[in-house]
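Heads up: the structure comes next, in C-alpha cells.
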Amino acid sequence: MNRNLIFCTVGPGPGTVPFRKEPGATWDLVEVLWHPDMIDDHKAGRYKTDADIVIHETDRTLRKFACFARAYGSLPSYDAVLIADDDLTPVGCTWSDVFALFHETGLNVAQPALAPGSTRISSAYVTHQQKTRWRETNFVEVMMPIFTRAAVERLIPFFLEEKYGLGLEMLWRERFNPIGVLDATPVLHTRPLGSAHSMTGVDSHPWKQAEAFRAKHGLTNDHHYPVATLARHGEPPKLAPRVTKALPEHQATRRNLIVRQLGADRPAWHALPPDRSWDLLEFYFTKNEHVTAADMVVVDEEPTRRKLATFKALFTAPSPLAPSWLLRAYDNVILADDDIEPVGCSWNDIFERFEETGFEIGQPALAPGSFSSHGVTRQVKGLRWRVTDFAEVMCPIFTREALARCLPVFDVTESGWSVDDAWMAIEDEAVILDETPVLHDRPIGESYSAKVAAEEANAFLEGSRTPRTRKITLRLGPLCEGVPRDACWSCHTSTGTHLLSCVLLCKPCIAQAAMAAMGVAFR
C-alpha cells in the first residue's frame, strides 16, 4: 500500500482522461463507476484501468465526495487523499510529484494549479504561476482537492451531506486553514465546467444546495466572496529597477515632472518642447534599446511591477536607487500611462490648470473617443474643472506633499487596480481637469488580465477594509471662458435644463448621456 490515494468517479463521454500510474507511483487509485454500460464492461473484463479498487455505484444521486464518504470505512488509512474529477492531466509532472509537494507545504487542503489551456477556470487565483512553488490562498475549488488524513476524518460527515460539494469550498476556507495552490505541479482541466453534471436525484439547484449548507453550518453565505493569494513560497527575489540615465540635481531646474511608463509597442519621445515646464522620467519594462530625449530613464524587468510600484521601488529601503532630492525637486508630478496624449492642450497647460485649482491630487479628464472605465473621468465640456472623490491610476497628478503621503500605497496591488481607492482614502477629494483633457487610446485590460486584476483589487479592498470610492462629482468648478451660464454643457448650442440639480444639459444631450451611461456609443 502507498501512503497516498487518488479517489475518482469516472463517467463516459468526451473529455474523460484515465488515470495512469507512472513507474514508482506513490499513490493507490480507487475508481467509482456509475454508468450502467461502464459497469457492464468492467464485469465483462472490457474496462481497462490502473485502479487498485473499482467500486460499482448504482445510486446516481451520489457525487464523488459522498461516494468517498461511503467507501471510507472500508479503505486503508492514507496520509493524503486527492478526490478528483475524471478530466485531469498533470503537465510537466506526475501525480506522485503533486503529492510530494503537498506533503512539503504543510497545508491541510490544497489543489494543483490549473495549467494554461485549462477549460473555463472558475477563479484566476488557481491558475499556474511560474515563479512560485506553492501559495497559501483563501480558495481551493472542488475540482481536485487534496486533504491530509486529519482533514479527511473531520470532513467525512460533511461529504455525506453536501451532494454537489460546492458548499464545501467555504467550509475548508473558514475552518481548515492553511489551504493553498500547488504551482510547481500544474494540471490541465480538459472539460468545460458543468458539462458532465447530472441533475439526477438533486431536488434543488447546486447553488441553492450550497447556500442551504453554508447557512446551516454558520459559514459566510456568498457565492462571490473575494479570493486572494495570502503568501507565496519558493518565489525568487524580485529584480531591482536600474537607472540607466540620470539627471544631476543642479540640472533639475524645472518645476514639474512627468513619469511615463513605456511598453514595447509605444514610441519614445524623441523631441521635447523647448518651453516645457517639466522634466521627463521614462520607465521601460524590457531591456532599454530606445533612443529617447527623456531626462531620466529607468529599466525595470521585474514582471510583477507596473509604473506605480516601480516608482515606489526607486525610493524603497534597503537600497534606494533614486536620489532623495528627486522627491523634493518638483512641485507637481504626473504619472502617465504610455497611451495618454493631451488633446487641444499641452502638458504645460495641464500643470498650470492643476495649480490653479489649489488641489493636491487630480487628473486630466478623458476626451471623447477615449477608452474609459469610469464615467466620472470623462470630459464635461464647458467646465474648467470639477471636484470629485476619485483620481484614476491612468494619469494622476500629485503635489510634492501628496506624493509623499500616497507613495506607501503605490504597490498594494500588482495590477495597480484599487491603488486609486487606497490613495483617495488618504486624500478625500481630487480634481478632474475638464478644460485640459487627454485621449486614452488603448482598450482597458488589453495588456493584462482584467479578471485577475479585479479579483486582486477586491481582495485588497476586503482585506484592508479600504472603502471603495463612489467615483462621483462632488462639486462643480468654474465655467470655461465664453460659455453662457445657461448653455448646455455638452453641445453649447442649446439652452440647458438642470439635471440632478446641478448639470445643465439640453434634452438631446441628456438622451445621449443616458446611452453613454449604459455603455452605448461613447466611442
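The values are calculated or read from the model by the stated rules, or taken from the named source; none is laboratory data. This one's a predicted model, so the numbers in the text were calculated from it and none came from an experiment. With ideal geometry, Cβ positions are generated from the backbone for all residues, glycine too; neighbour counts draw on all protein chains shown.
Taken over the stretch 313-328, the residue count meeting the criterion of being crowded, with 18+ Cβ neighbours inside 10 Å and either assigned to a helix (DSSP H, G or I) or on the phi > 0 side of the Ramachandran plot (or both) is 2. For the stretch 296-311, the criterion of being polar (S, T, N, Q), surrounded by 15 or more Cβ atoms within 10 Å (Cβ to Cβ) and over 24 Å from the mean Cα position of the chain (by Cα) is met by none of the residues. Do we find a residue being in contact (Cβ under 8 Å) with a residue 60 or more places away in the chain, loosely packed, with under 12 Cβ neighbours inside 10 Å and either within 30 Å of GLU282 (Cβ to Cβ) or of a type in the set (Lys, Arg) (or both) anywhere in the stretch 220-233? Looking through the stretch 220-233, none of the residues is in contact (Cβ under 8 Å) with a residue 60 or more places away in the chain, loosely packed, with under 12 Cβ neighbours inside 10 Å and either within 30 Å of GLU282 (Cβ to Cβ) or of a type in the set (Lys, Arg) (or both). Among the residues of the stretch 121-145, those identified as farther than 20 Å from LEU168 by Cα, part of a loop (DSSP other than H, G, I, E, B) and not β-branched (Val, Ile, Thr) are HIS128, GLN129, GLN130, LYS131, ARG133. Of all residues in the stretch 256-271, those satisfying the criterion of being assigned to a strand (DSSP E or B) and not aliphatic (A, V, I, L, M) are ASN256, ARG260, GLN261. Scanning the stretch 335-364 for residues that are part of a loop (DSSP other than H, G, I, E, B), touching a Lys or Arg at 6+ places or on another chain (Cβ under 8 Å) and within 12 Å of PHE398 (Cα to Cα) yields a total of 0.
Residues in the stretch 1-17 that are at pLDDT 90 or above and surrounded by fewer than 18 Cβ atoms within 10 Å (Cβ to Cβ): ARG3 alone. Taking (1) of a type outside the set (Lys, Arg); (2) touching a residue at least 12 places away in the same chain (Cβ under 8 Å); (3) within 27 Å of ALA100 (Cβ to Cβ) in turn, PRO23 satisfies each apart from (2).
If I ask for residues that are aliphatic (A, V, I, L, M) and under 30 Å from PRO274 (Cβ atoms), which ones from the stretch 209-254 would you list?
Matches in the stretch 209-254: VAL243, ALA246, LEU247, ALA252.
Among residues of the stretch 250-261 that are surrounded by 21 or more Cβ atoms within 10 Å (Cβ to Cβ), those with a Cβ under 8 angstrom from a residue that is of a type in the set (Ser, Thr, Tyr), sequence gap 6+ or separate chain, pair up as ASN256/SER277; ASN256/TYR330; LEU257/TYR330; GLN261/THR310.
For the stretch 18-60, give me the residue count where each residue is among the β-branched types (Val, Ile, Thr) and either surrounded by fewer than 13 Cβ atoms within 10 Å (Cβ to Cβ) or assigned to a helix (DSSP H, G or I) (or both). Full working, then the answer.
Filtering the stretch 18-60 for residues among the β-branched types (Val, Ile, Thr) gives 26, 30, 32, 39, 49, 53-55, 58.
From the residues that got through so far, the ones that are either surrounded by fewer than 13 Cβ atoms within 10 Å (Cβ to Cβ) or assigned to a helix (DSSP H, G or I) (or both) too are 39, 58.
Going through the stretch 18-60 one residue at a time, the tally reaches 2.
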